[in-house]
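Worksheet for the structure shown next.
Bear in mind these aren't lab numbers, they're just calculated from the coordinates by the rules spelled out. Keep in mind that this is a model prediction, so the values were computed, not measured. All Cβ positions, glycine included, derive from the backbone under ideal geometry; neighbour counts span all protein chains shown.
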Amino acid sequence: MDVRSNEFKSRAAANLGDAKLQRGLGLIKVKAVVNRANAVAEFGDFETLREAGKQIRNRALADLDLYLERFEREATARGAVVHWAENASEACCIVVDIARQNGVRTVAKSKSMVSEEVGLNDALIEAGIEPIETDLGEYILQINDAEPPSHIVMPVIHKTAEDVADLFHEKHGTPRKTDPAALTREAREILRPKFLAADMGVSGANFLIAETGSTLIVTNEGNGRLCTTLPRLHVALTGIEKVVPTLEDVSTLLRLLPRSATGQAITNYVSLHTGPKQLEETDGPQQFHIVLVDNGRAKLLAGEMREMLRCIRCGACMNHCPVYQAVGGHAWGWVYPGPMGNILTPSYVGLENAVQLPNAATMCNQCGVVCPVKIPLPDLMRKLREEQMDRGLKPWPERLGLALWGWAAQRPALYALGTRLAVRVMKWLGGNEKLIHRLPLAAGWSDGRDFPAPAGRTFRELYKEKRR
Amino acid sequence: MSSRDAILGRVRAALERKVSPPDTAAIDAHLAARPIGMQPPRDWEPELRFRTRAEALASTVEKVPGLQAVPGAVVRYLVTHKLPTGGVCWPSLRRLDWIGAGLGMEDRPARGDDLVGVTGCFCAVADTGTLMLLSGADTPAAASLLPETHIAIVETARIVSFMEDAWALLRAERGRPPRAVNFVSGPSRTADIEQTVTMGAHGPYRVHIILVGA
């Protein structure tokens, strides 16, 4: 997927005025956020559960090499084929090769963020193979000229039922309908024959279980089950960090993931796959391939961003983020939006290609509070901001301003004089209304609001006076 | 160098491994002990909990005293809901008297146009109101997936408290997981359009559970 993260500011500005998008985003606050809060309250001691989830993910990462080797050994023993991909293009090559060797013409895809990350659909199309997205949201995006998703769990949060009604009417040539249930049935009926005809199913994996060599997916629609049951080949594509030690460990994480994502105690389907179809079975894929993708993950393990690898992709951080709620996921310009995207995008595509993202935050720590595996997201953003400064990636006016401020702050007498002057000038600018309508050097901020003028004296002046 | 070795090499460098190959004792101990993590308090009776949770997830539940009463319950359910009185069932259920109840149940692989699928289950998880289905020659996965109506038979003696108990039962009776383990919690659903929950996405529209027990 193309990286357009350096357009964050302009895209965010455009999205603020997009009424349809704002309506969809508004629903997050009354639905996703409320549903999670109810599920957490119903569970009881969710804080202890979060700590348990963090420990399980830390355990897996602390011995990641060993758990990956064990996973590979067990999966291979059960007849799966394990592939390793260093980067996006290698991941695509592996999947395309499997498809070519087996004469695959169509691929039924269950939702996979890693497949978005590596750009699998484009690679398949280039090889003359038709990918069919089967998750309802992803399907809507695919038939809308392969629009990118704007949320990792709810990919079409930016669209209304009216948008989908127009799209289905145009693309399917069916009578226009706006009821979500009727639209869902229409997609089901269009996609069912495609499932039955698909040669290969591609899924992600929410977890890999080292103990048994199994992949696990959580889904609600049932498309994940269809993709992994009907076609003669199944390819599971996922990141190397997704491994957990045991079925008991994954049971704990499965208490955290759906509650954090959608407020469900469990998703409709939790499917564990171990090896291909057995001789006597009447369904299931004849071949089961697992593609383990690095694409920057091992590098994260070595550095200050290691805690980000605990992420289980629930989307709670974006649902609770005031910036995401205001501008929507497309502003992030790559696969992962919201606070997780502020860390993952610069980490995977380079800070210079996502230079605004560590600043796309208010540092309110709502994301850190709701994260099911306790990733300290604002701390990680702060570290990336430091790196921005160290590498000179900030715009020069900002660097110059901060350098001047730093120089002055180290000279208390000069600093006191400067601030005394500044507050008096600002008081004068405020006039009788005591409001500054236009801030020099910060017009963007004062375009939409007034700046309250200071009273005319600095804190240090007032403090000195009170002590006397 | 293969990609596998390159990736594992980077991971080992990141973890500052001193010896090669690294000692697996620590992971062996954890994989052998398989400690059970945090579970919610068990302040309920499993059968009642299962029923309550399953109904909260939009499944319907009824109870019959023995397996021989199942075909009658199935036909009553189908007739009440104006559904076809035939479909596909697991081969493991072929010995039930479907014909005697007036049902046309075929123990063959499910097709895309089957409307009713009848299955059993390996066990059920009370905590979340969930069915646990194992793939196999006599218990094919598609029967609970392709038809619009899924009817599942659950023996009350097979209701366990938590998912961890289901894994323990699986290890005790089967040793290891089969090709597919599917946990099913109600009819398939989606909330992709305007976050409006809609039943019947790609899987069943209806899940009816028949509890069998005293």
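A few comments on the model shown:
- Each stretch of four or more DSSP H residues adds -39500 (n - 2.57); spread over every residue of the protein assembly as shown, this sum gives -13000 deg cm²/dmol at 222 nm.
- Annotation: lysines with alpha-carbon distance below 29 angstrom to A:Lys194 (same-chain offsets under eight excluded): A:Lys109, A:Lys111, A:Lys159, A:Lys171, A:Lys177, A:Lys277, B:Lys82.
- For the protein assembly as shown, with +1 on Lys and Arg beta carbons and -1 on Asp and Glu, the positive-most of B:Leu83, A:Ala37, B:Ala101 along the dipole: A:Ala37
- Other-chain or far-sequence residues with amide H under 5 Å of B:Val154's (modelled H): B:Ile210, B:Leu211, B:Val212
- Backbone geometry of segment B:195-211 corresponds, through the Karplus equation with coefficients 6.51, -1.76 and 1.60 at θ = phi - 60°, to 3J(HN,Hα) couplings of 6, 8, 5, 10, 7, x, 7, 9, x, x, 7, 9, 10, 10, 10, 10, 7 Hz, x marking Gly and Pro.
- One way to sum up the overall shape of segment A:398-468 is the equivalent ellipsoid from its Cα gyration tensor, whose semi-axes run 23, 20, 8 Å, largest first.
- Note on A:Glu280 and A:Arg176: the extension gain reaches 32.9 nm, defined as 0.36 nm multiplied by sequence separation minus the Cα-Cα distance.
- 3J(HN,Hα) along segment A:192-205: 4, x, 5, 4, 5, 8, 5, 8, 9, x, 10, 10, x, 8 Hz, from the Karplus curve 6.51 cos²θ - 1.76 cosθ + 1.60 with θ = phi - 60°, whole Hz, x for Gly and Pro.
- Rg/Rh (Cα only; Kirkwood hydrodynamic radius) as it applies to segment A:333-420: 1.10
- Each principal axis of the Cα atoms in the protein assembly as shown has its own extent, and those three values, largest first, are 99, 61, 56 angstrom.
- Most mobile of B:Gly200, B:Gly175, B:Gly72 in a GNM of chain B (Cα contacts under 10 Å): B:Gly175
- Cβ-to-Cβ counts within 10 Å put B:Thr80, B:Thr128 in ascending order as B:Thr80, B:Thr128, the fewest first.
- Candidates per trypsin sites (Lys or Arg not before Pro) in segment A:383-424, loop by DSSP, up to 12 other Cβ within 10 Å: A:Arg391
- Rounded to the nearest Hz, the phi-derived 3J(HN,Hα) couplings of segment A:3-8 under the Karplus curve 6.51 cos²θ - 1.76 cosθ + 1.60 (θ = phi - 60°) are 9, 10, 6, 6, 9, 3, where x marks glycine and proline.
- Kirkwood Rh in Å, taken over all unlike Cα pairs in segment A:63-295: 18.2
- P(r) tail fraction, segment A:268-408 - alpha-carbon pairs more than 22 Å apart, %: 50
- Residues with amide H under 5 Å from that of A:Leu435, placed H, sequence gap 5 or more: A:Ala453
- Shielding by partners - mean other protein chain Cβ count within 10 Å, residues of B:127-138: 4
- Against chain A, whose longest principal axis comes from its Cα atoms, helix A:19-30 is set at around 80 degrees.
- Antiparallel DSSP beta bridges within the protein assembly as shown, percent to nearest 5: 35
- Among residues other than A:Glu189 with Cβ under 12 Å from its Cβ, the summed charge is +1 (Lys and Arg +1, Asp and Glu -1).
- Disulfide-incompatible cysteines by the Cβ rule (no partner under 4.7 Å) in the protein assembly as shown: A:Cys92, A:Cys93, A:Cys227, A:Cys311, A:Cys314, A:Cys321, A:Cys364, A:Cys371, B:Cys89, B:Cys121, B:Cys123
- Sparse packing (at most 13 other Cβ atoms within 10 Å of the Cβ) combined with a DSSP loop state is found for the following trypsin sites (Lys or Arg not before Pro) in segment A:102-133: A:Arg105.
- Neighbour counts of other Cβ atoms within 10 Å put A:Asp379, A:Asp163 in the fewest-to-most order A:Asp379, A:Asp163.
- A:Val40, B:Val75, B:Val19 arranged by Cβ crowding within 10 Å, fewest neighbours leading: B:Val19, B:Val75, A:Val40
- Net charge contributed by nearby residues that have their C-beta within less than 11 Å of B:Ala56 (K/R +1, D/E -1): +1
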